[in-house]
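The structure appears right after this line, and notes come after that.
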Amino acid sequence: MAKAKQSTKDETRTIKIFDTTLRDGEQAPGNSMNIEEKLRFAKQLQKLNVDVIEAGFPIASEGDFEAVKKVAQSIKGPEIAGLCRSNLKDIDRAWEALKYAGEKGRIHTFIATSDIHMKYKLQMEPAQVLESAVKAVKRAAGYTPNVEFSCEDAVRTQLPFLAQVVEAVIAAGATTVNIPDTVGYTVPFEYFNIIKYLKDNVPNIEKAVISVHCHNDLGLSVANSIAAIQAGAGQVECTINGIGERAGNCSLEEFVMILRTRRDILPFVTGIATEQLTPASRLLTNITGIAVQPNKSVVGANAFAHEAGIHQHGMLMDKSTYEIMTPESVGLTASALVLGKHSGRHAFKKRLEELGHDLDDEMLNRAFERFKALADLKKEVFDEDLDAIVTDESREEDQ
Ligand code: KIV
Ligand code: ZN
């Protein structure tokens, strides 16, 4: 298959990575973190070199206020954001915590704009929502020029109203406008068209960065985020391990590695230090106690593990046969050839050699038969099992 043309430097756009593990991620059941844990994780996000860390929701609790304040005081490099509803009390409280980040502090304020949310949740008319949004952004802009506004449930919002709100909040001082798929409802081509619609219909859109924030209810959060940057979005909101409300948010590690792996057709880069992805994933698991599924892309335990004989043979010949990115690029030291019932003689022989067992052909054949019999009984055959097989074989040969 012919490869698409490599994108040139000039066509390449840098996408800002806004990490919300400490806010949206934390909102998922079982993921809440205390102040010390948030600070520990924020330090890892600093190593990852994310552009923005959303550290929490300052008005939500005293602890969250202190956590945002601590992160704002301690972390150098990334911008620090705090979430607040579109009311003056929330915004004032958020800035109390964020002011310690100085010009790196970002106020992130939001209000829902879809008919469903306005009617059932807010019980407000569209004109009132528009007024609140503008008032909130003006209040935030009085504290800092770094103001993000989110139209909650943007994907289910009537497009002319969405455009009206976006235009008004940019005029009021928003420098980033977020268009969230709050309920994980959209599909890539639809989301592409929504972002494109805003680019084509909001006259002052170029004054702000368009951000996207996708939930994963239908498993499309990463694909939707990719579609959005193709339509012109400049910031992607995501979380480590994809944690977040309900089915989670766009997974940072997946989004970033897609851009890195498919530079041939996706002319975008991020500033992420990708070798810090696995340490970030593991630290999060360590803090929350919530394990990542083994088959999770990029950071799952099996993401660079190979058991099938045909695959192992390919890997021993050339790793590019079955790996599209290197384990080193995401912070692992090596891929794993796991020995199990699907494994072949090549991988078996190689592992024995690594363990210091140099068997002649006849002995290798017998040991391999024993290995297969054992593998039928166990999920995985470990190094100690191999040592035992070789010891048994040697004993029998001596008798
Ligand atoms: O999902 C969502 O809409 C949010 C906003 C507050 C950005 O989390
Ligand atoms: Zn969200």
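The residues listed here are Leu359, Leu339; of these, the one that is at pLDDT 95 or above and not charged (D, E, K, R) is Leu339. Being touching a residue at least 60 places away in the same chain (Cβ under 8 Å) and of a type in the set (D, E, K, R) holds for only one residue in Arg282, Arg260, and it is Arg260.
The one condition from (1) within 16 Å of ligand 1 (Cβ to nearest atom); (2) farther than 19 Å from Phe255 by Cα; (3) of a type outside the set (Asp, Glu); (4) within 25 Å of the chain's Cα centre (by Cα) that Val165 does not meet is (4). Checking each residue in the range 28-47 for being surrounded by fewer than 24 Cβ atoms within 10 Å (Cβ to Cβ), in contact (Cβ under 8 Å) with a residue 60 or more places away in the chain and out of contact with any Phe, Trp or Tyr (no Cβ under 8 Å at 6 or more places or on another chain) picks out Ala28, Gly30, Asn31, Glu37, Arg40, Gln44, Lys47. Look at Glu369 and say whether it is assigned to a loop (DSSP other than H, G, I, E, B), farther than 26 Å from Thr261 by Cα and out of contact with any strand residue (DSSP E or B) (no Cβ under 7 Å at 6 or more places or on another chain). Here the answer is no, as Glu369 does not meet what is asked.
Would you check if Asn216 is surrounded by 18 or more Cβ atoms within 10 Å (Cβ to Cβ) and within 16 Å of ligand 1 (Cβ to nearest atom)? Spelling it out, Asn216 is indeed surrounded by 18 or more Cβ atoms within 10 Å (Cβ to Cβ) and within 16 Å of ligand 1 (Cβ to nearest atom). For Val177, are the conditions met, namely being within 16 Å of ligand 2 (Cβ to nearest atom), assigned to a helix (DSSP H, G or I) and either within 25 Å of the chain's Cα centre (by Cα) or buried (at least 18 other Cβ atoms within 10 Å of the Cβ) (or both)? Answer is no for this residue. Does at least one position in the range 24-47 carry a residue that is under 30 Å from Phe161 (Cβ atoms), within 16 Å of ligand 2 (Cβ to nearest atom) and in a helix (DSSP H, G or I)? Yes, the conditions are met somewhere in the range 24-47. Filtered by the rule that a residue be over 23 Å from Leu284 (Cα atoms) and either within 13 Å of ligand 1 (Cβ to nearest atom) or part of a loop (DSSP other than H, G, I, E, B) (or both), the range 236-268 gives Arg262, Arg263, Asp264, Ile265, Leu266, Pro267. Looking only at the range 79-129, residues that are part of a strand (DSSP E or B), of a type in the set (A, V, I, L, M) and in contact with a Cys (Cβ under 9 Å, 6 or more places away or on another chain) come to 3 in all. Taken over the range 219-235, the criterion of being surrounded by fewer than 23 Cβ atoms within 10 Å (Cβ to Cβ), in contact (Cβ under 8 Å) with a residue 40 or more places away in the chain and in a loop (DSSP other than H, G, I, E, B) is satisfied by Gly234 alone. Against the test of being under 28 Å from the mean Cα position of the chain (by Cα), in a loop (DSSP other than H, G, I, E, B) and either at pLDDT 95 or above or on the phi > 0 side of the Ramachandran plot (or both), the options Lys76, Lys69 yield a single qualifying residue, Lys76. Could we say that Arg395 is loosely packed, with under 10 Cβ neighbours inside 10 Å, free of Cβ contacts under 8 Å to residues at least 60 places away in the same chain and basic (Lys, Arg) here? Considered against the rule, which asks whether it is loosely packed, with under 10 Cβ neighbours inside 10 Å, free of Cβ contacts under 8 Å to residues at least 60 places away in the same chain and basic (Lys, Arg), Arg395 comes out as yes. Among the residues of the range 325-361, the ones that are in contact with a Lys or Arg (Cβ under 9 Å, 6 or more places away or on another chain), hydrophobic (A, V, I, L, M, F, W, C) and under 30 Å from Phe255 (Cβ atoms) come to 2 in all. Among what's in the range 186-202 and is surrounded by 18 or more Cβ atoms within 10 Å (Cβ to Cβ) and farther than 13 Å from Cys250 by Cβ, pick the residue that is farthest from ligand 2 (Cβ to nearest atom). Per the criteria, the residue is Val202. Applying the condition of being of a type in the set (A, V, I, L, M, F, W, C) and in contact (Cβ under 8 Å) with a residue 24 or more places away in the chain to the range 115-137 and asking which residue is farthest from Glu148 (Cα to Cα) yields Ile116. Here Asp387 passes the criteria (1) exposed (fewer than 11 other Cβ atoms within 10 Å of the Cβ); (2) farther than 18 Å from Glu307 by Cα; (3) among the charged types (D, E, K, R) except the one numbered (1).
Comparison of Glu353, Glu380, Glu393 shows that the only residue that is at pLDDT below 95, among the acidic types (Asp, Glu) and touching an Asp or Glu at 6+ places or on another chain (Cβ under 9 Å) is Glu380. Set side by side, the residues Phe304, Phe255 differ, and just one is of a type in the set (Phe, Trp, Tyr), at pLDDT 95 or above and more than 16 Å from ligand 2 (Cβ to nearest atom), which is Phe304.
The values are calculated or read from the model by the stated rules, or taken from the named source; none is laboratory data. Just so it is clear, the structure is predicted and the values come from calculations on it, not from any experiment. Cβ: placed from backbone, ideal geometry, glycine included. Neighbour counts: every protein chain shown.
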